[in-house]
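Inspection log for the structure reproduced underneath, given as structure tokens.
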Ligand code: CMP
């Protein structure tokens, strides 16, 4: 089924000018970028986005990092987009990511891992709504 998923190109990747290289991977996999904007989160905004991780030991570091430099947030659309995007990203820890995936090629560490992607349909809907209005989704 045609799905939408939420994606972030993280500060470690925007800093190294990798937005285009990462988007090329998404598009080659059949994911269509139906919304995209570059923003600079505050730490508080990053904290709301990652609220599910609030009790984790890396939460403060994660929020600090996500607010350190601009990010590119996106909505990706395609057949099975959520799973497909996770496949293209590779494992969270680049040391475990399969060859050819975004994280294998570009990520610097488990924290600075270049991209975020929604893990399920309910979280995709919540994450898309946090960053985009319906008018900004152009399928
Ligand atoms: P993401 O998919 O954006 O969702 C939560 C993020 O927490 C995850 O990607 C990682 O970048 C980050 N993360 C997970 N584990 C660790 C860790 N041990 N140390 C730092 N950051 C982590």
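The values are calculated or read from the model by the stated rules, or taken from the named source; none is laboratory data. All values derive from a computational prediction rather than experimental measurement. Cβ coordinates were reconstructed from backbone atoms using ideal geometry, including for glycine residues, and neighbour counts include every protein chain displayed.
When each of 30, 20 is tested for being in contact with a helix residue (DSSP H, G or I) (Cβ under 9 Å, 6 or more places away or on another chain), surrounded by fewer than 18 Cβ atoms within 10 Å (Cβ to Cβ) and not in a strand (DSSP E or B), the lone residue that passes is 30. Just one of (1) free of Cβ contacts under 8 Å to residues at least 40 places away in the same chain; (2) out of contact with any helix residue (DSSP H, G or I) (no Cβ under 8 Å at 6 or more places or on another chain); (3) buried (at least 16 other Cβ atoms within 10 Å of the Cβ) fails for residue 59. It is (2). Residue 23 falls short on exactly one of the conditions (1) within 12 Å of the ligand (Cβ to nearest atom); (2) within 14 Å of the chain's Cα centre (by Cα), and that condition is (1).
Selection within the stretch 128-139: residues that are part of a loop (DSSP other than H, G, I, E, B) and in contact with a strand residue (DSSP E or B) (Cβ under 9 Å, 6 or more places away or on another chain). The member of this set that is surrounded by the fewest Cβ atoms within 10 Å (Cβ to Cβ) is 139.
Residues that are within 14 Å of the ligand (Cβ to nearest atom) and either out of contact with any helix residue (DSSP H, G or I) (no Cβ under 9 Å at 6 or more places or on another chain) or at pLDDT below 95 (or both) within the stretch 1-13 are absent altogether. Reported count of residues in the stretch 67-83, each being within 24 Å of residue 3 (Cβ to Cβ) and under 14 Å from the mean Cα position of the chain (by Cα), is 10. Regarding residue 64, is this residue assigned to a helix (DSSP H, G or I), in contact (Cβ under 8 Å) with a residue 12 or more places away in the chain, farther than 22 Å from residue 137 by Cβ and within 16 Å of the ligand (Cβ to nearest atom)? So residue 64 fits the description; yes. If you go through the stretch 80-127 and pick out every residue that is in a helix (DSSP H, G or I) and either within 21 Å of residue 61 (Cα to Cα) or within 15 Å of the ligand (Cβ to nearest atom) (or both), you end up with 18.
Being touching a residue at least 60 places away in the same chain (Cβ under 8 Å), closer than 24 Å to residue 133 by Cβ and surrounded by fewer than 18 Cβ atoms within 10 Å (Cβ to Cβ) is the requirement here; does residue 1 meet it? Walk me through how you get there before you give the answer.
Working: touching a residue at least 60 places away in the same chain (Cβ under 8 Å): yes; closer than 24 Å to residue 133 by Cβ: yes; surrounded by fewer than 18 Cβ atoms within 10 Å (Cβ to Cβ): yes.
So residue 1 passes the test.
For the stretch 106-120, filtering for residues that are farther than 10 Å from residue 6 by Cα and touching a residue at least 40 places away in the same chain (Cβ under 8 Å) leaves 8. Residue-level check: of (1) surrounded by fewer than 13 Cβ atoms within 10 Å (Cβ to Cβ); (2) touching a helix residue (DSSP H, G or I) at 6+ places or on another chain (Cβ under 9 Å); (3) free of Cβ contacts under 8 Å to residues at least 24 places away in the same chain, residue 53 misses just (1).
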